[in-house]
Amino acid sequence: MKLSEKRVDGFVILQIEGRVNTANYHELETKVNELLAQAENKLLFNCQGLEYISSSGLRVFLMTQKKMMQRQGVLYLCALQPTIAEIFDISGFTRIFKIFANEAEAVTA
Amino acid sequence: MENNAKEITFSIKNQVEEIARLAEEIEVLVEAWELPMRLSMNINLVLEEALSNIIFYAFEDTSEHTIDIFMALEQSQLEIRITDDGKAFDPTAVQQPDINLPAEERPIGGLGIFLISKIMDVVEYCRDGDRNRLRLTKMVQE
């Protein structure tokens, strides 16, 4: 998994590339907790390069969403690949996240 | 006579790192059996979910255990059979999460088994002596 970060229009955009699974999900969790500790209130996960996610990864997404909602912050997702979008549909995650086609749409929403 | 039956057996140890090692073997298998990409992703996901549950929850000692995975592709049906000697655990008896709950109310756990049940067509479990036997099948387009 590769994580990279940038700031655009008040959002911290975290680009998540590769696979998020049982072996490495804690890396994503650690990075998210860092951002939350910095009181970031607008997060966008760019999932264009996300090729695989298992329940461990989905749990991190869900935990992040719960925490952002608790602090009245915002978590958006964008650019989900079709196979990942399908996993989100199956698990009911599509309805609990705001998902955009790309970064531009997300930051101007 | 069966037509083009393909079968393989893998064995892994009860360590999380073994899941990645198995995924590499599955990649080779997917090519050899000419399975579509989407199916190979599903296979990896289902195996990761089932095996990580076993590795994390089935064993109460610190010994090394072997988990066997048998896979067969025959007449458009993919079959996966996972056998372990951990404590009795029936994943089909776990209550499915309510996927209509809003984020604040969604519990964190229970997703892995749910994903298996949505991806595979049939999930069957039996306890056989000191073994858990999980059988997963899915009709595939060959």
Practice problem: Pairs only if they're at least six apart or on different chains, beta carbon under 6 angstrom, first in the stretch A:1-19 and closer than 22 Å to A:Ile87 by Cα, second hydroxyl-bearing (Ser, Thr, Tyr) and assigned to a strand (DSSP E or B); list them, first residue then second. | Solution: A:Gln15/A:Ser4; A:Arg19/A:Tyr52
Quiz item: Can you spot a residue in the stretch B:36-58 that is charged (D, E, K, R) and more than 22 Å from B:Ile8 (Cα to Cα)?
Solution: no
Quiz prompt | Subset of the stretch B:102-113 [facing chain A (nearest Cβ under 7 Å) and within 30 Å of B:Ser76 (Cα to Cα)] | solution = B:Leu111, B:Gly112
Quiz item: Do we have any residue at all in the stretch B:61-68 that's within 26 Å of A:Arg19 (Cα to Cα), surrounded by fewer than 19 Cβ atoms within 10 Å (Cβ to Cβ) and within 13 Å of the chain's Cα centre (by Cα)?
Solution: yes
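Could you say which residue among B:Ile99, B:Ile80, B:Ile69, B:Ile43 is part of a loop (DSSP other than H, G, I, E, B) and either without any contact (Cβ under 8 Å) to a residue 40 or more places away in the chain or away from chain A (no Cβ under 14 Å) (or both)? Quick ask: steps written out before the conclusion?
Values: B:Ile80 fails: part of a loop (DSSP other than H, G, I, E, B); B:Ile69 fails: part of a loop (DSSP other than H, G, I, E, B); B:Ile43 fails: part of a loop (DSSP other than H, G, I, E, B).
None of the other options fit; the residue is B:Ile99.
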Quiz item: Of the residues in the stretch B:1-40, how many are over 25 Å from B:Gln75 (Cβ atoms), surrounded by fewer than 14 Cβ atoms within 10 Å (Cβ to Cβ) and at the interface with chain A (Cβ under 9 Å from one of its Cβ atoms)?
Solution: 1
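Look at B:Glu48 and say whether it is modelled with pLDDT of 90 or more and either within 13 Å of chain A (Cβ to nearest Cβ) or within 23 Å of A:Ile87 (Cα to Cα) (or both).
On the way: modelled with pLDDT of 90 or more: yes; either within 13 Å of chain A (Cβ to nearest Cβ) or within 23 Å of A:Ile87 (Cα to Cα) (or both): yes.
Criteria met by B:Glu48.
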Practice problem: Can you work out which of the residues in the stretch A:6-39 that are touching a helix residue (DSSP H, G or I) at 6+ places or on another chain (Cβ under 8 Å) and among the acidic types (Asp, Glu) is nearest to B:Ile55 (Cα to Cα)? | Solution: A:Glu29
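Would you confirm whether any residue within the stretch A:58-68 is under 14 Å from A:Ile16 (Cβ atoms) and not in a helix (DSSP H, G or I)? Steps first, please.
Quick first cut of the stretch A:58-68, residues under 14 Å from A:Ile16 (Cβ atoms) only: A:58, A:60-61, A:64.
Then keep just the ones that are not in a helix (DSSP H, G or I); that gives none.
Within the stretch A:58-68 (the criterion being under 14 Å from A:Ile16 (Cβ atoms) and not in a helix (DSSP H, G or I)), the answer is no, since none of the residues qualifies.
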Quiz item: B:Ala88 fails exactly one of the following numbered conditions: (1) touching a residue at least 40 places away in the same chain (Cβ under 8 Å); (2) over 21 Å from A:Arg59 (Cα atoms); (3) surrounded by 15 or more Cβ atoms within 10 Å (Cβ to Cβ). What is the number of that condition?
Solution: (3)
Quiz item: Among (1) within 14 Å of chain B (Cβ to nearest Cβ); (2) not in a loop (DSSP other than H, G, I, E, B), which single condition is A:Thr22 missing?
Solution: (2)
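Would you be able to tell me the number of residues in the stretch A:26-66 that are charged (D, E, K, R) and more than 10 Å from chain B (Cβ to nearest Cβ)? Can you show your working first?
Step one: list which residues in the stretch A:26-66 are charged (D, E, K, R), which gives A:27, A:29, A:31, A:34, A:40, A:42, A:51, A:59, A:66.
Checking the rest, the ones that are also more than 10 Å from chain B (Cβ to nearest Cβ) come to A:27, A:29, A:31, A:34, A:40, A:42.
Within the stretch A:26-66, residues that are charged (D, E, K, R) and more than 10 Å from chain B (Cβ to nearest Cβ) number 6.
Going by what's in this entry, would B:Glu64 be described as away from every other protein chain (no Cβ under 14 Å), in contact with a Lys or Arg (Cβ under 7 Å, 6 or more places away or on another chain), in a loop (DSSP other than H, G, I, E, B) and modelled with pLDDT under 95?
Numbers: away from every other protein chain (no Cβ under 14 Å): yes; in contact with a Lys or Arg (Cβ under 7 Å, 6 or more places away or on another chain): yes; in a loop (DSSP other than H, G, I, E, B): yes; modelled with pLDDT under 95: no.
No.
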Quiz item: For the stretch B:119-139, does any single residue satisfy the condition of being closer than 30 Å to A:Gln65 by Cα and surrounded by 12 or more Cβ atoms within 10 Å (Cβ to Cβ)?
Solution: yes
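The values are calculated or read from the model by the stated rules, or taken from the named source; none is laboratory data. Computed from a predicted structure; not experimentally measured. Quick reminder, even Gly has a Cβ in these numbers, built from the backbone with ideal geometry, and neighbours come from all protein chains shown.
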